[in-house]
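Remarks on the structure that follows.
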Amino acid sequence: MLDRYLDELFQAAEARDADRLFATVPRFYAATEGVDEETLSRAAVALSEIFARVPPGIGVRLGILAGALAERGADPMPLAEPLVRGLTENLERAARFAVAWREATGQEPPEPDDDDPGWVADTATQLTGLTEGDAFELADAWALTHMASMPVLSILQLSARVRAELPGRERLVAAMSAVLDDRGDLEWLAGVLAVLEDEHLIVLHRETGRGYEVVIGGVGDNFQLHTLLADAVSGPAAEGLIEGVRPEPEWVLAATAGPPGTEPVRGQFNLVDAYGKWIWNEGLPAHIPFLDRVRVVVLDPPPYERSWSPGRRYPMMRATVRLKRILPADEAAAWTARLTPEGN
């Protein structure tokens, strides 16, 4: 069944028959329900080849199907290149739209109106100094930016390999940075692009002088990091761990791969960087500064009680914080001696 619908999608793409393609998309998606992951992954490989055969606007809309296929269990890696390329090219056109709009109107770029079928055409008429076709293309890219970002956001959450090996990352980040101030709806994508994979941290417990090396991946923010660090280093003092800081299992599950919990999470520490500055829970692990090419986190007693909602910023992304080793006492002391006192 999937092969039949894939053939129809290929034929519609070759014929530049958008109506036929869009009519086939929901039938194809419905046919994927209950299909095993291996078959879905083969379909994803085939689907990835269609993007080069369709115009950019249709490719963006086809990307929604690709993202949904990955969410159903298809390997997202074959989809990464066409989805990232399509989003990047769309963002580059969107940046040109923002410049052209400011030059033509002297105003900030408008928010697209998804409920108005004539929004793109009406907006394009206000772009002076461009051909009618170019103006429409730029306005269409501005309107499609959020849609183009959605499947990329999905595949980044679903696969650590995609996050680590994302094709075209540098160009994508540059294109996104050019419009990010005008497009608040891209902040979630910017955040997941900053997620660290296989990142080694030095974690120091100032009160006991103990130190740890941990490896993190898929951690969306420092709320999540806070909970999972407490879980990683908690345990009997006789084994070199920290007693009395173990988070509730429900909090840990919600911060790794489980459903959101129901009880508020309580902070076990105050996270501080190597230079004495607080590491705010609202920030990202990627923002933690380096000391000798390693990010350092200091675990201090909380100055007041903190609590927050359980769960993950990116609900489809599985997080890991793994204790790699307990530092020997002399190594932990050497790291601790290099710390700037908190508040300096």
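For the stretch 248-344, what does the alpha-carbon gyration tensor say about shape, rounded, prolate or oblate, given a ≥ b ≥ c as the root eigenvalues, a/c under 1.5 as rounded, and a/b over b/c as prolate? The shape class here is prolate. Restriction of the chymotrypsin sites (Phe, Trp or Tyr not before Pro) in the stretch 210-287 to DSSP coil positions whose beta-carbon has at most 11 other beta-carbons within 10 angstrom yields no sites. For the chain, DSSP calls about 80 percent of its internal beta bridges antiparallel. Taking every DSSP helix (H) stretch of at least 4 residues in the chain, weighting each as -39,500 (n - 2.57) and dividing the sum by the residue count yields a mean residue ellipticity at 222 nm of -15500 deg cm²/dmol. Multiplying the residue separation of Ala23 and Met316 by 0.36 nm and subtracting their alpha-carbon distance yields 102.6 nm.
Checking (i) 37, 28, 18; (ii) 44, 25, 16; (iii) 33, 28, 17 against the coordinates, the calculated semi-axes √(5λ) of the Cα gyration tensor in Å falls under label (ii). The longest stretch of the chain left intact once loop-based GluC sites (Glu not before Pro) with at most 16 other Cβ atoms within 10 Å are removed from consideration, loops following DSSP, is 50-196.
In this calculation the C-beta distance from Ala121 to Asp36 is compared with R0 = 41 Å, giving a FRET efficiency of 0.40. Treating r as the C-beta distance of Glu108 and Glu213 and R0 as 51 Å, the FRET efficiency rounds to 0.65.
The 3J(HN,Hα) values that the Karplus relation (6.51, -1.76, 1.60; θ = phi - 60°) gives for the stretch 47-63 are, in residue order, 4, 4, 7, 7, 4, 5, 9, 10, x, x, x, 5, x, 4, 5, 5, x Hz. Gly and Pro appear as x.
Every read-out reported here was derived from the displayed coordinates using simple, explicitly stated rules and does not represent laboratory data. Remember, it's a predicted structure, so these values are computed and weren't measured experimentally. Here the Cβ is made from the backbone with ideal geometry for all residues, glycine too, and neighbour counts use every protein chain on show.
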